[in-house]
Structure formats: C-alpha cells, structure tokens
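Reviewing the structure listed below.
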Amino acid sequence: MKLALNLFLSIFALFTFDNVTFSLTNYQIRKICKKAKKESTCIKKFQVRKDKLNDGDLIEIPVIPYEGN
C-alpha cells in the first residue's frame, strides 16, 4: 500500500510541475524601474533579461529585499 502511494505521488508530481518560467510584464517592469535613478537604463536591462528568459537562457536577477513597515 505504501509503495503504491509513493509511486502515485511521484508520478503525480512529475506531471504537475512543468519546466515553465514566467517573465515580468511590461507594466511590472515599469513599476519596478520607477524607483531607479536611471529609469530608461533599468527598463532596458529588464527587457534584455526578459528576452533571454523567454529564449530559455539562464539569467541572474538581484534580489530586492522587502522593506515592511
């Protein structure tokens, strides 16, 4: 019984999780870059990263820490 459950969960996990990535929309990029000093440069960098991500290339994106109240 335990073997059947583990087998089912393994197969379920394989079919559930796809190797799909979602890039940022243009609106989200503009919203993020409003805080930057050079907005146009920031937008260009994010657009290049978005294009690379859509092509399937690996990219590095710095993590912006959340500053809660």
Going by average Cβ neighbours within 10 Å, how do the peptides 36-47, 51-62 rank, with the highest at the top?
36-47, 51-62
Which value, in debye to the nearest 20, gives the size of the charge dipole of segment 23-69 about its Cα centre, when Lys and Arg are +1 and Asp and Glu are -1 at the Cβ?
320
Cα atoms only: what Rg and Dmax, in Å, come out for segment 23-69?
11.5, 38
Gain upon complete extension [GLU67, MET1; 0.36 nm per residue less C-alpha separation]:
19.0 nm
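Values quoted throughout were computed directly from the atomic coordinates according to the rules given, and no laboratory measurement underlies them. Predicted model, so just to flag it, every value in this text is computed and none were measured. Because the Cβ atoms are built from the backbone with ideal geometry, glycine has one as well, and the counts that use them run over all protein chains shown.
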